[in-house]
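Beneath this line is the structure, given in C-alpha cells, with notes to follow.
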Amino acid sequence: MIKEYKTIREIASPLMIVDNVEGVTYDELGEIELPNGEVRRCKVLEVEGSKAVVQLFESAQGINLAQSKVRFLGHPQQLAVSEDMLGRVFNGMGMPIDGGPEILADAHMDINGLPMNPAARAYPAEFIQTGVSTIDGLNTLVRGQKLPIFSGSGLPHAALAAQIARQARVLGDDETFAVVFAAIGITFEESEYFINDFRRTGAIDRTVVFSNLANDPAVERIATPRMALTAAEYLAFEKDMQVLVILTDITNYAEALREVSAAKKEVPGRRGYPGYLYTDLATMYERAGRRQGKKGSITMIPILTMPEDDKTHPIPDLTGYITEGQIILSRELHRKGIVPPVDVLPSLSRLKDKGIGAGKTREDHAGTMNQLFAGYSRGKDAKELMTILGEAALSEDDKLFAKFAEEFEKVYVSQGNTTNRSIEETLTIGWELLSILPKRELKRIKPEYIEKYLPKK
Amino acid sequence: MSGTITKVSGPLVVAEGLADANVSDVVRVGSQRLIGEILNMTGDKASIQVYEETSGLGPGAVVETTGFPMSVELGPGMLDNIYDGIQRPLPAMREVSGDSISRGIDVPALDREKKWDFVPVAKVGDKLAGGDVLGTVQETSAILHKVMVPPGISGEVISIESGEHVVTDIIAVLKDDKGKEHQLAMLQRWPVRIARPYSKKYVPSRPMNSGQRIIDTLFPIAKGGTAAVPGPFGSGKTVVQHQLAKWSDVDIVIYIGCGERGNEMTDVLMEFPELKDPRNGEPLMKRTVLIANTSDMPVAAREASIYTGITIAEYFRDMGYDVAVLADSTSRWAEALREMSGRLEEMPGEEGYPAYLASRLSQFYERAGVVECLGSEDRQGSVTAIGAVSPPGGDLSEPVAQATMRIVKVFWALDSSLAYARHFPAINWLTSYSLYLDNLGAWYTEQFGEAYMANREKAMHILQEESELQEIVRLVGQDALSPADRLTMETAKMIREDFLQQNAFVDEDAYSAYAKQFRLLDMVLQYDALCRDALAKNADMNGLFAIEAREKIGRAKMADAATFEADYDAIAAQMKAEIDAVIAGGEEA
C-alpha cells in the first residue's frame, strides 16, 4: 500500500520539501498529484529524519501546498524496455509521445545503471568505417568507444553526426545495429533534422528517440540521457545489437544539473557547476563499451557546444578527461568553407591504435597518420610565418609544407557531407598529399611502406 | 554495536546510536550491508561515507560497526590481480555479480582457497621481531613473496610450518617476553591511512630507469622519489603512466586507476600479461597490482583507492623490493575529497576544495622514500610515487596542481601544443624539472663517465637557445640568423625529433636502454660539433644540413637493441665523411 502525503512544507522550484514522511529512501521516485488531477514526477535527493528533499522534474506551477498529494513509489526511476522501442519516440522521461501504444515491458531497468566491472570489459578494437577521412584516417573510431564532437554555436555538428550515423559500418560485418538518439534541450528544428535524416535512409525503424526539446522542462534533461543509455544497454547487452548512441546537447544537460545544484545551495565548483560534474558525466559516458562474451556494443557520440568556443570551459574540459578522445570543429575552417570543418590537430581518438593496422585497416595506416599530423602541424606553422614575413622568408622545405597544409585542408578534410570514402580511398589520398613533401622528411613512416605506397613521380 | 540511519544525502549517511564507535571505523550500512567509514562523530551521531551507491537507503535502516579501521589484507595473492578502491578483487566479484558491480558484495581480498607453498626461513628457537622474515612463497614466477612478522609483534619461534597452506592457516607461533603466544598466518592486515613503519629513511640516490629518453636523460627520477605528471586532456598522461608501469626497473608496480576510464584499466589487464619485462623476460603482469576505481564507480571509494595502493606498496617495500606507485589521477582523488567535504558542509577553501587538501596530498607523497626495512636482516626497499594531475583546462594555477608542485621533486609538464604536433611523449623540456639531478649525477658519472651529464647539459642548453632564437625567427625570419645560430636551430630540431620523440606503440622504440640513449644523443651532439667546426672553415651551411647521414640519424632510434652500437658507429663514420666532403667542396670553390 503506497502512502499519500499532504505535507508539502516548501516549494522552491525545482526543489520541494515534504514533512512527516516514513520509509522514504534516497533516490526514490515519487509522484505529485495536483488538485486538478494532473500527475508530475519527482525524485528524492536527501532524507533526514522525517523530512525529504525532493527534486521536481517538471515545473512547480500550480502545485498547492495544502491540497497536492505526494506518493513515493518505492523504487528509483525506471524505464520499461522492450525490443518494440525501436522505431518509437519518447519524451525525456521515457513516455511514448508518438501516439503509439504503451510499451509492453520486457523488463523495468533502473535508469542509473550499475558501474561496469573493468574486469568484465572487452577492449574496443573493431574499426568502424565512418566514411569521413578525418575520422577514419586520423582519429579512428572503434566499436564501444565514446567519442564526443566538440562544437560551437552555429557550427554544423548535426550534419557531421548525421553523416556518421548514416555511413558508419564495420567492415565485413552485417550484425544488427540500432541507433539511440537523445535530444537534450535542443530545438525542434535540430531534432527534426536528425529524425528526417533517419527517415530518409530508413534507419528510423532501427532508431529509438528520446526527445526533450528546448521548451520541455529543463530538469527533465537530467533523466533524458540516462533513459537513452538504459535503452541502449538493453538493446546491446540483452539483444546483442550494435548500438550507436547520439546525445545532443550535453551543454544543456550540464546546465540543468547546475540549476538543481544551485537550488540545493551546494558549494559550486568552477563557473557555478557542481563539484561532482565530473563524476556525474562519467556515470553516463562510461556506460559505453563492450563486455566480454557479449556480442553487442555501445558506441557513443555525445555532442556539446563549447561556450565561446572555449575548450577549457568545464563542460568540454571534463568531458575530454572522460571520453576516449574528441572531434573538434573549427570556426576558422567553417568560414573557409571546409566541410566538415574538423580541426584535426586538437582532435584525437585514444583507441585508434588498437583499431588500425594490418588485418584491420592497412599496414601503413599508423605511420601515414602520424606523418600527416606532423606535416600538417608544421605546414600550419609555416603558413603562419608566411602571413607575417611573406613567402620569401620561408625555407624551400617550409614552402612545401605550407603547400601541403593548404592541399590537406582542401582535399583530405573537405570532403562534403555526402561523400562516403572507403578506408583505402582515405589512405590513398593521404599518400598523394604526402608526395608533396620531400621524401627525407617522411621520418614517421617505415621505409618499406614508402617504397610500396608512395606514388612515384 | 549498531545504530540507525537518520539522514541520507548521496554517499553521506548520518546514523545515531553509535556512541561507542571510533572515528575511521568501517561500518556496514543497511540491509544490503554496504561498506562505509566513519568520518566524524557528534555525540552519538556518526557521519559515514559509504563506498557504494546509496540509492534505496532511508532513515531507520541499521548501521553496524565492525570496530576496525579501513584496512587492507596483505599476503600472497595480490600480484597479477585487479582490485577496486577498497581492495575487493574485481575478477572474483564478476563471478559473484556478473558484468556490473552490484552492491554489498563481500569478497575477501585474498583468495581463501588457494594453497601456497610456504618455505620457512626462520627456525624454532629464533628470536624474531616485526619485519623479520618467517618464510617465503613463490607468489608469481617473477616475485618471491617474503612472509614477515607483522610490525609490533616479537618473540621466540615456538613452531613453524612448511608446505602447502592457505593464507589464513597458522604457519608460525611466536611467544613474546610476557609469555603470550602470537599465532601468525600468511595474511596480515594494516589500516590504510597509517604509513607502515620502517627503521630508517634515506635520501634517494639511485635513478629509476624508465627507458624513456626524455625522462632518463633530461629529467630523471630517483627510486624512492616523487613525481607529478600534469597535463590537459589528450596530452598523453596515461600513456606516460603506462610506459612507466611497463618499463621501470622496479620489482613491483602498483597501478592505481583513480576516477579514470574503464577501458584504460581493461587495456592494462589485457596488455600486461602479454608484455615481457626486458630484464627477466617474465610477463609484466606478474609484478603488477592494479587498483581500479573507474570514474563510474562510487566516488567515496575513489578517496580510499590511493591509500589502498600505497599501503600495498609499503608492504612490498618492507620485503626489500623497489616499488613504483602510479596514481592516475590525483585530481580525481582530490575531487572525491571535495565532494565529501561539501556534503559534510565543511567550510570550503580554494575552488571548493577542503582546506586540508594540501596536507592530505603531502601525507600521501611523503609515504614514498628509500628506507631501511624493519627486521634484523639488512634490507633496503623503496616506494616511488608518481601521480598524474589533470588540471581543469590545463591551467596549472589550480589548487591540486599547486599543492602537488610544492611537494614533488620531479615535474614532467605535458604540453598540449606538442601533443597536437604528435610529439610524444609531450613532456615540455623548458618547463619540466628534476630536483634529483644533483643526487643522481654521481651515479650517472660512475656508470657512463663524465660525458653523460655533460651531454645532458649541452642538449638542455641548445634547446633553451632554440626557444630564444625562435622568438627572433618569428619577428624577422630565419635568414637574419647567423650560420652558427641556424646550426643551433637544426641541432635542436634533431634533439627534439630524433632523440626526445619516442613512440610508445612501436616495439623497437618503446624502451630505450641507457647505453642507447647516451649514444643517440652523443651522435646528434657530434653532428653539431662537427658542423660547427666546418662552419668555422667556411663550409656551405645548406650542404651540411643536407647530408645523407641525417636521415639515418632520424631513424637511428629504431635500431635494434642488440646491434645498435655497430649501426651507430657506421652512421657516425658516414656523417664524418660527408661533412668532410662538404668542407672539401667549400675549399675547392
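The values are calculated or read from the model by the stated rules, or taken from the named source; none is laboratory data. These numbers come from a predicted model, not from an experiment. All Cβ positions, even for glycine, are placed from backbone atoms using ideal geometry, and neighbour counts span all protein chains on display. These accessible areas exclude ligands, DNA and RNA; they are computed on the full protein's heavy atoms, side chains included. Shrake-Rupley method; radii C 1.70, N 1.55, O 1.52, S 1.80 Å.
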*asked:* Nothing charged except the Cβ atoms of Lys and Arg (+1) and of Asp and Glu (-1): what's the magnitude of the dipole of the range B:151-288 about its Cα centre? Round to the nearest 20 debye.
replied: 640 debye
*Just going by the charge dipole of chain B, with Lys and Arg at +1 and Asp and Glu at -1 on Cβ, which of B:428, B:582, B:270 is farthest out on the positive end?*
B:270
_Accessible area that becomes buried as A packs against B, both chains, 1.4 Å probe, Å², nearest 100_ = 6200 Å²
_In whole Hz and in residue order, list the ³J(HN,Hα) couplings for the range A:24-31 that follow from phi through the Karplus curve 6.51 cos²θ - 1.76 cosθ + 1.60, θ = phi - 60°; x for Gly and Pro._
7, 10, 4, 6, 6, 8, x, 10
_Would you work out the Kirkwood radius for chain B? I mean one over the mean of 1/r across all pairs of different Cα atoms, in Å._
26.4 Å
*Would you please give the residues with an amide H less than 5 Å from that of residue A:125, counting only those at least 5 places away or on a separate chain, with H modeled from the backbone geometry?*
A:143
*asked:* Would you report the distance distribution of C-alpha pairs in the range A:108-164 as whole percents per 5 angstrom bin, up to the bin with the largest distance?
replied: 4, 14, 18, 19, 14, 15, 12, 4, 0
*Going by a ≥ b ≥ c, the root eigenvalues of the Cα gyration tensor, does the range B:352-467 fall in the rounded group (a/c under 1.5), the prolate group (a/b larger than b/c) or the oblate group?*
oblate
*Size of the dipole of the protein assembly as shown about the Cα centre, Lys and Arg at +1 and Asp and Glu at -1 on the beta carbon, nothing else charged, in debye to 20?*
480 debye
_Per residue value of the accessible surface for the protein assembly as shown (all protein chains in place, 1.4 Å probe), Å²_ = 36 Å²
_Computed Kirkwood radius, in angstrom, where 1/r is averaged over Cα pairs of the range A:1-125_ = 16.4 Å
*Non-local amide H neighbours of residue B:291 (under 5 Å, H modeled in plane, Pro and chain starts lacking H): which ones?*
B:83, B:255, B:256, B:257
*For the range A:115-176 and the range B:114-169, write down the distance between their C-alpha centroids in whole Å.*
53 Å
*the range B:386-440 to the range A:358-415: how many Å between their Cα centroids?*
29 Å
*Given C-alpha coordinates of the range A:68-195, what is the ratio Rg to Rh with the Kirkwood estimate of Rh?*
1.01
*Quote the relative contact order of chain B in percent (integer), defining contacts as alpha-carbon pairs under 8 Å separated by 6+ residues.*
13 percent
*All Cα pairs of the range B:199-345, percent lying beyond 24 Å*: 34 percent
*Please state the relative contact order of the range A:30-141 as a whole percent: Cα pairs under 8 Å, 6+ residues apart?*
18 percent
*Could you tell me what percent of the accessible area of the range B:1-49 is made up of carbon and sulfur, with a 1.4 Å probe and every protein chain present?*
43 percent
*Note down the nm distance, to one decimal, between modelled labels 7 Å out along Cα→Cβ at residue A:98 and at residue B:202.*
7.1 nm
*For B:344-353, mean number of other protein chain Cβ atoms within 10 Å*: 2
*What list of whole percents do you get for P(r) of the range B:59-191, with Cα-Cα distances grouped in 5 Å bins up to the one holding the largest distance?*
2, 9, 17, 18, 17, 14, 10, 6, 4, 2, 1, 0
*If eta is 1.002 mPa s and T is 20 °C, what Stokes-Einstein diffusion coefficient results for the range B:427-518, Kirkwood Rh from Cα pairs, in µm²/s?*
142 µm²/s
*Would you give the gap between the C-alpha center of the range B:33-50 and the C-alpha center of the range A:263-304, rounded to a whole Å?*
27 Å
_Mean projection area, nm², convex hull over Cα of the range A:338-457_ = 8.1 nm²
*What are the ³J(HN,Hα) values, in whole Hz, obtained from phi via the Karplus relation 6.51 cos²θ - 1.76 cosθ + 1.60 with θ = phi - 60°, for each residue of the range B:349-354 in sequence order, with x given for Gly and Pro?*
x, 4, 6, x, 5, x
*On a 0 to 90 degree scale, rounded to 10, what angle separates helix B:483-494 from the longest Cα axis of chain B?*
40 degrees
*Kirkwood hydrodynamic radius of chain A from all distinct Cα pairs, in Å?*
23.9 Å
_If you fit an axis through the alpha-carbon atoms of helix B:262-271 and take the longest principal axis of the Cα set of chain B, what angle between them do you get, 0 to 90°, nearest 10?_
70 degrees
*Could you tell me the accessible area of residue A:211 in Å² (1.4 Å probe, neighbours in place), rounded to the nearest ten?*
10 Å²
*Across peptide B:502-513, what mean number of C-beta atoms from other chains lies inside 10 Å of a residue's C-beta?*
1
*Largest-first principal axis extents, alpha carbons of the range B:492-533, Å*: 37, 20, 10
_Modelling each spin label as a point 7 Å along the Cα-to-Cβ direction, I'd like the residue A:410/residue B:42 distance in nm, to one decimal._
7.1 nm
*How large is ³J(HN,Hα) for each residue in the range A:36-43, as worked out from phi by the Karplus curve 6.51 cos²θ - 1.76 cosθ + 1.60 (θ = phi - 60°), to whole Hz, x for Gly and Pro?*
7, x, 5, 10, 10, 10, 8, 9
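More than 15 angstrom separation, counting every C-alpha pair in the range B:114-221; what % is that? Please list the in-between numbers first.
Details: 4026 of 5778 pairs.
Counting pairs separated by more than 15 Å, the tail of P(r) holds 70 percent.
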*Which of the peptides A:259-270, B:401-412 is most tightly packed, and how do the rest follow, going by the mean number of other Cβ atoms within 10 Å of each residue?*
B:401-412, A:259-270
*For chain A, give the magnitude of the charge dipole about the Cα centre (Cβ charges: +1 Lys/Arg, -1 Asp/Glu; no others), in debye to the nearest 20.*
1020 debye
*How many Cβ atoms of partner chains, on average, are near each residue of B:46-58 if near means within 10 Å of its Cβ?*
4
*Are any of the pairs A:3/A:43; A:354/A:403; A:336/B:237 more than 25 Å apart by Cα-Cα distance, and if so, which?*
A:354/A:403; A:336/B:237
*So, with a 1.4 angstrom probe, what is the percent of accessible area on chain A that is carbon and sulfur?*
49 percent
*Putting +1 on Lys and Arg Cβ atoms and -1 on Asp and Glu Cβ atoms, find which of B:370, B:394, B:407 reaches farthest to the positive end of the dipole of the range B:317-475.*
B:394
_How long are the semi-axes of the equivalent ellipsoid of the range B:1-121, taking √(5λ) for every eigenvalue λ of the Cα gyration tensor, in whole Å from largest down?_
30, 18, 10
_More than 17 angstrom separation, counting every C-alpha pair in the range B:250-319; what % is that?_
48 percent
*Amide H neighbours of residue A:324 under 5 Å, at least 5 residues apart or on other chains, H built in the peptide plane: list them.*
A:146
*Globularity ratio of the protein assembly as shown, using Cα Rg and 2.2 N^0.38 Å*: 1.00
*Return the residues of the range A:248-269 for which accessible area with all protein chains present is lower than in the chain on its own by 30 Å² or more; set the probe to 1.4 Å and exclude ligands, DNA and RNA.*
A:267
_Counting only protein heavy atoms, probe 1.4 Å: which residues of the range B:374-402 lose 20 Å² or more of accessible surface in the full assembly compared with their chain by itself?_
B:392, B:393
_Please compute the contact order of chain A in relative form: average sequence separation of alpha-carbon pairs under 8 Å and at least six residues apart, divided by the residue count, as a percent._
16 percent
*Based on the alpha-carbon gyration tensor of the range B:404-473 and its eigenvalue square roots a ≥ b ≥ c, which shape applies: rounded if a/c is under 1.5, prolate if not and a/b is larger than b/c, or oblate?*
oblate
*Using only the Cα atoms of the range A:1-75, build the gyration tensor, take square roots of its eigenvalues as a ≥ b ≥ c, and label the shape rounded, prolate or oblate: rounded if a/c is under 1.5, else prolate if a/b is larger than b/c, else oblate.*
rounded
_For the range A:170-295, the Rg and Dmax computed from alpha carbons only, in angstrom_ = 16.3, 54
*Of B:564, B:455, B:384, which is farthest on the positive side of the dipole of the protein assembly as shown, counting Cα position, with +1 on Lys and Arg Cβ, -1 on Asp and Glu Cβ, and the Cα centre as origin?*
B:384
*Estimated inter-spin distance, residue B:176 and residue B:159, nm [label 7 Å along Cα→Cβ]*: 2.0 nm
*asked:* If I fit a long axis through the Cα atoms of helix B:451-476 and take the longest principal axis of the Cα atoms of chain B, what angle between them do I get, 0 to 90°, rounded to 10?
replied: 70 degrees
